[in-house]
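Down below is the structure, laid out as structure tokens.
The values are calculated or read from the model by the stated rules, or taken from the named source; none is laboratory data. Quick caveat, the model's predicted, so the values are computed rather than measured. Counting neighbours? That spans all protein chains shown, and the Cβs are built from the backbone with ideal geometry, glycine included.
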Amino acid sequence: MPEAPWWKRGVVYQIAVSSFADANGDGRGDLRGIIDRLDYLNDGTDGSLGVDAVWLTPIYTSPLSDFGYDVSDYRSIDPRFGTMEDFDELVEECHRRGIRVVMDLVLNHTSIHHPWFVESRSSRDNPRRDWYIWRDGRAPGKPPNSWVAVVEGSAWEYDDTTGQYYYHAFLPFQPDLNWRNPEVREEMFGVARFWLAKGVDGFRLDLVNCLYEDEGLRNNPPKLGPRPYLAQKHIHDLSQPENLEVAGELRQLVEDFGDCVLMGEVLTLTPDVCIDYLGDGTDRLHLSFYMEFVRTKWNAEAFRHSVRWLEEHVPPGGWPCYYLNNHDLKRSFTRLGGRHARERAKVAAAMLLTLRGTPILYYGEEIGMPSSRVPRGLLDDPVGLKFWPLRVGRDGSRTPMHWNAAENAGFSAWESWLPVDSSYRTRNVEQEAVRADSILNWYRRLLSTRRAHPALHSGDYREIGGVPKGVFAYTRRAGSKTVAVYLNFAARNTECPPPKAPPGTTWRVLLSTHGTEDGRDLPRIQLAAHEALLLEATYS
């Protein structure tokens with residue numbers, strides 16, 4: 001088989017830069033901190049985690065009112081994260097270790113403090129007025145239409161300076177750019193070229209289906225929903241056809257810079273939209289985030305159906321992408337864990353790292369970091385602050401990385417920007433590294449096994465039928481090599497049939513959460529409670 005491109009074979013590790021490692025002692029993570037920890041991510045040995053790429057949350061100059069997703073200068077590094085020289089060194093050191101660098105690119109909106117918006121709001125005849133979406137109200141005190149922001153409330157903010165409203169799909173301090181203005185379009189493509197020329201290996205595109213709105217700004221039709229945003233059909237403020245054109249143009253742009261990747265966050269309540277952004281698999285995004293998978297509860301049948309849907313809908317030239325954690329979600333250790341959190345975390349890891357597709361890990365996932373309870377007075381997330389105490393914000397999944405049991409979890413020499421979760425004393429990299437049965441060492445073994453077996457990183461996918469309830473099983477095959485994966489979601493022992501295979505096939509254990517790597521009593525497979533089992537076919 002010809003070798004698949006790196007973004008198909010590889011594993012992406014998302015780093016929340018503010019929370020990963022603080023080198024200068026100011027309590028916030030920075031680029032120098034990442035450089036100091038690169039050997040942990042991949043030093044070329046099985047003793048490291050062994051990831052292939054890092055995705056960095058935004059590091060551009062920003063007020064950091066929303067985790068850096070409120071950009072005030074796209075072509076600079078925020079001093080709290082370091083300097084451009086630090087960034088250049090990070091890229092160089094990553095590449096020296098075989099780690100690709102993917103940047104978060106926020107195309108939809110800027111900060112209200114961006115010079116473009118400062119100019120735009122200064123007067124109605126400013127040359128940059130049309131860089132954002134300004135409209136008169138439909139009546140005194142009434143916004144231009146009934147659109148609701150994702151974080152609730154009107155998507156329009158009244159500005160006294162010029163007596164008009166500006167549109168914001170998210171928070172009022174994040175005004176949407178007007179992508180119908182060709183100057184805006186060219187400027188944002190120029191931003192992408194700037195970073196690609198500096199050596200980055202691609203972008204994670206924030207909210208890529210939100211760039212365009214209905215040109216007439218028509219009201220969305222109503223529907224039944226538990227809260228205002230979900231009580232509208234978002235047919236005029238999301239997923240306009242022009243967004244797909246941008247995805248195609250960006251694909252052409254990055255391919256001019258070599259073997260780069262575009263990973264798209266597609267905001268949608270229906271899974272079909274994420275497929276649209278793959279096109280035929282060669283003409284739009286390389287990877288499109290599949291939110292249905294991450295919304296799935298702890299249930300083998302539910303995950304099997306979720307994977308089956310994606311496998312049936314990905315275009316022939318396309319490639320799936322899976323994740324269980326990111327900076328906006330409650331951590332899977334807490335969300336899926338329950339009374340058996342450690343056992344379930346290992347099963348979930350085996351699923352994520354053996355399915356056909358590119359897996360994305362989130363910092364701390366590999367040591368079982370839980371979602372933290374951040375006190376009201378220490379919250380940073382504007383969503384958490386807005387809805388406290390009725391809805392949990394996102395700070396709990398953004399707390400500092402647990403490196404060791406020292407003060408501040410080894411993250412910083414100073415009090416951290418968010419409090420460290422109390423579990424750091426017993427759940428940290430240093431202690432997990434020396435426990436043979438730890439979650440961290442299970443991730444290391446999985447990643448090593450994945451690298452060594454093309455069937456796991458590049459092969460096809462087929463469900464194994466006839467398994468009992470609570471088991472999700474499938475095969476991965478590349479050429480003459482086949483690996484079978486059995487995932488027991490249940491807290492009980494169970495028995496499964498072996499995979500269908502030609503006469504003379506025998507199976508040896510590649511990996512098991514339960515350490516039984518010396519063979520299995522076939523033709524029936526005995527699975528322990530919460531066991532993840534990988535078998536390799538051998539042919540006589």
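Is there a residue being within 30 Å of residue 258 (Cα to Cα), part of a loop (DSSP other than H, G, I, E, B) and in contact with a strand residue (DSSP E or B) (Cβ under 6 Å, 6 or more places away or on another chain) anywhere in the range 184-201? So far as the range 184-201 goes, yes, one or more of its residues are within 30 Å of residue 258 (Cα to Cα), part of a loop (DSSP other than H, G, I, E, B) and in contact with a strand residue (DSSP E or B) (Cβ under 6 Å, 6 or more places away or on another chain).
From the residues in the range 169-183 that are among the charged types (D, E, K, R) and either surrounded by fewer than 20 Cβ atoms within 10 Å (Cβ to Cβ) or part of a helix (DSSP H, G or I) (or both), which one is nearest to the chain's Cα centre (by Cα)? It comes out as 180.
Mind listing just one residue for me: the one in the range 456-507 that is aliphatic (A, V, I, L, M) and closer than 14 Å to residue 529 by Cβ and, of those, surrounded by the most Cβ atoms within 10 Å (Cβ to Cβ)?
Our first condition is that a residue be aliphatic (A, V, I, L, M); within the range 456-507, this holds for 456, 464, 467, 471, 473, 478, 483-485, 487, 490-491, 501.
Keeping just the survivors that are closer than 14 Å to residue 529 by Cβ gives 471, 487, 490-491.
On the way: 471: 22, 487: 27, 490: 19, 491: 13.
Filtering the range 456-507 for residues that are aliphatic (A, V, I, L, M) and closer than 14 Å to residue 529 by Cβ, the one surrounded by the most Cβ atoms within 10 Å (Cβ to Cβ) comes out as 487.
A search for C-beta distances below 9 Å between a residue of the range 32-56 that is closer than 15 Å to residue 450 by Cα and among the β-branched types (Val, Ile, Thr) and any residue that is modelled with pLDDT under 95 and assigned to a loop (DSSP other than H, G, I, E, B), counting only pairs 6+ apart in sequence or on different chains, returns nothing.
Considering each residue of the range 486-511, count those that are over 26 Å from residue 44 (Cα atoms), assigned to a strand (DSSP E or B) and not aromatic (Phe, Trp, Tyr), and give that number. If you could, list the steps in order and put the result at the bottom.
Taking the range 486-511 first, the residues over 26 Å from residue 44 (Cα atoms) are 486-508.
Narrowing the set further to residues that are assigned to a strand (DSSP E or B) leaves 486-488, 494-496, 505-508.
Going one step further and asking which of them are not aromatic (Phe, Trp, Tyr), we end up with 487-488, 494-496, 505-506, 508.
Residues flagged as over 26 Å from residue 44 (Cα atoms), assigned to a strand (DSSP E or B) and not aromatic (Phe, Trp, Tyr) within the range 486-511 amount to 8.
Among 329, 352, 336, which is the only one that is aliphatic (A, V, I, L, M), at pLDDT 95 or above and in contact with a strand residue (DSSP E or B) (Cβ under 8 Å, 6 or more places away or on another chain)?
On the way: 329 fails: in contact with a strand residue (DSSP E or B) (Cβ under 8 Å, 6 or more places away or on another chain); 336 fails: in contact with a strand residue (DSSP E or B) (Cβ under 8 Å, 6 or more places away or on another chain).
Within the list 329, 352, 336, the selection yields 352.
When 445, 425, 450 are checked against the criterion of being buried (at least 23 other Cβ atoms within 10 Å of the Cβ) and either in contact with a Pro (Cβ under 9 Å, 6 or more places away or on another chain) or modelled with pLDDT of 95 or more (or both), a single residue qualifies: 450. Here residue 388 fulfils each of the conditions (1) surrounded by fewer than 21 Cβ atoms within 10 Å (Cβ to Cβ); (2) aromatic (Phe, Trp, Tyr); (3) modelled with pLDDT of 95 or more; (4) more than 30 Å from residue 307 (Cα to Cα) apart from (3). When residue 219 is tested against (1) assigned to a helix (DSSP H, G or I); (2) touching a residue at least 60 places away in the same chain (Cβ under 8 Å); (3) of a type in the set (S, T, N, Q), exactly one condition is not met: (1). Looking only at the range 466-475, decide whether some residue is in a helix (DSSP H, G or I) and either farther than 27 Å from residue 298 by Cα or within 25 Å of the chain's Cα centre (by Cα) (or both). No.
Tell me, please, whether a residue that is farther than 20 Å from residue 424 by Cα, of a type in the set (A, V, I, L, M, F, W, C), outside any helix (DSSP H, G or I) and at pLDDT 95 or above can be found in the range 357-366. Before the answer, list the steps.
Taking the range 357-366 as the starting set, the residues that turn out to be farther than 20 Å from residue 424 by Cα are 357-360.
Remaining after also requiring of a type in the set (A, V, I, L, M, F, W, C): 360.
Remaining after also requiring outside any helix (DSSP H, G or I): 360.
Pick out the ones that are also at pLDDT 95 or above and you get 360.
Within the range 357-366 (the criterion being farther than 20 Å from residue 424 by Cα, of a type in the set (A, V, I, L, M, F, W, C), outside any helix (DSSP H, G or I) and at pLDDT 95 or above), the answer is yes, since at least one residue qualifies.
Taking the conditions (1) within 37 Å of the chain's Cα centre (by Cα); (2) of a type outside the set (Lys, Arg); (3) at positive phi; (4) modelled with pLDDT of 95 or more in turn, residue 152 satisfies each one other than (4).
Could you say which residue among 313, 340 is more than 27 Å from residue 384 (Cβ to Cβ) and in contact with a His (Cβ under 8 Å, 6 or more places away or on another chain)? So that I can check it myself, show each step before the final result.
Details: 313 fails: in contact with a His (Cβ under 8 Å, 6 or more places away or on another chain).
Residue meeting the stated conditions: 340.
How about the range 67-96: which of its residues are basic (Lys, Arg) and surrounded by 14 or more Cβ atoms within 10 Å (Cβ to Cβ)? The answer is 80, and nothing else.
So, residue 304, is that one part of a helix (DSSP H, G or I), surrounded by fewer than 15 Cβ atoms within 10 Å (Cβ to Cβ), out of contact with any helix residue (DSSP H, G or I) (no Cβ under 7 Å at 6 or more places or on another chain) and touching a residue at least 60 places away in the same chain (Cβ under 8 Å) or not? So residue 304 does not fit the description; no. Sort through 55, 7 and tell me the only one that's aromatic (Phe, Trp, Tyr) and under 30 Å from residue 479 (Cα atoms). It is 7. Taken over the range 285-305, the residue count meeting the criterion of being touching a strand residue (DSSP E or B) at 6+ places or on another chain (Cβ under 9 Å) and among the charged types (D, E, K, R) is 2. A Cβ distance below 8 Å, combined with a sequence gap of six or more or placement on separate chains, defines the contacts here; from the range 129-144, residues that are within 24 Å of residue 211 (Cβ to Cβ) and free of Cβ contacts under 8 Å to residues at least 12 places away in the same chain reach residues that are surrounded by 14 or more Cβ atoms within 10 Å (Cβ to Cβ) and among the hydroxyl-bearing types (Ser, Thr, Tyr) in the pairs 129/120.
Among the residues of the range 372-388, is any in a loop (DSSP other than H, G, I, E, B), in contact with a helix residue (DSSP H, G or I) (Cβ under 8 Å, 6 or more places away or on another chain) and closer than 26 Å to residue 6 by Cα? Checked against the condition, which is being in a loop (DSSP other than H, G, I, E, B), in contact with a helix residue (DSSP H, G or I) (Cβ under 8 Å, 6 or more places away or on another chain) and closer than 26 Å to residue 6 by Cα, the range 372-388 yields no hits at all.
Of the residues 146, 72, 154, only one is touching a helix residue (DSSP H, G or I) at 6+ places or on another chain (Cβ under 9 Å) and of a type outside the set (A, V, I, L, M, F, W, C); which?
Numbers: 146 fails: touching a helix residue (DSSP H, G or I) at 6+ places or on another chain (Cβ under 9 Å); 154 fails: touching a helix residue (DSSP H, G or I) at 6+ places or on another chain (Cβ under 9 Å).
None of the others qualify; the one that does is 72.
For the range 314-345, the set of residues classified as buried (at least 23 other Cβ atoms within 10 Å of the Cβ) and either small (Gly, Ala, Ser) or more than 13 Å from the chain's Cα centre (by Cα) (or both) consists of 332, 333, 345, listed by residue number.
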